[in-house]
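Student: Before I ask anything, let me first share the structure, which is written out below as C-alpha cells.
The values are calculated or read from the model by the stated rules, or taken from the named source; none is laboratory data. Keep in mind that this is a model prediction, so the values were computed, not measured. Cβ placement follows ideal geometry from the backbone for every residue including glycine, while neighbour counts extend to all protein chains displayed. Keep in mind that these areas ignore ligands, DNA and RNA; they rest on the heavy atoms of the full protein, side chains included. Shrake-Rupley method; radii C 1.70, N 1.55, O 1.52, S 1.80 Å.
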Amino acid sequence: MVRARAAGPAPALEPASTDDREIRARIVEKLRSEPWANCWNTSVFVSAGVVELWGTVDSEAMRKASRIVAEGVPGVTEVRDRRGFQPHPVSAM
C-alpha cells in the first residue's frame, strides 16, 4: 500500500480548491482513510495553499507516503514536512 502511494500522486479528479480549510479537511480525511497513516501524531496546517505537517512519523516510508497524499490534494501548492522521526518502542519479553 505504501509503495503504491509512494509511486506518485493520483491524478486529481476533483476541482481545485483554494480554500485552506477545505484543503486541510481533504488532507486529514485522506490520511485517516489510510491504514498505515498514524494521524494522531501529525498536525496539518494550511496557509495560502502551502501545507505544513508537524508531529512525528514512524518511518521514512510513512513520511514519503503521507507527503504524496498531501501533494495530491487539489489546491496544494507546496508541502513542508516538519515532522520528526520517532520509531515505535520495542517491548521486552
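Student: By how many nm would the segment from ALA48 to THR77 grow when fully extended, if each residue of separation counts as 0.36 nm and the alpha-carbon distance is taken off? All intermediate terms of the calculation are to be shown ahead of the outcome.
Tutor: Numbers: separation 29, 0.36 × 29 = 10.44 nm, distance 0.82 nm.
Roughly 9.6 nm would be gained on extension.
Student: Of VAL57, VAL76, which has the most accessible area and how do the rest follow, probe 1.4 Å?
Tutor: VAL76, VAL57
Student: What is the sum of charges around ASP81, taking Lys and Arg as +1, Asp and Glu as -1, for the other residues whose C-beta is under 11 Å from the C-beta of ASP81?
Tutor: Charge balance in the 11 Å sphere: +2.
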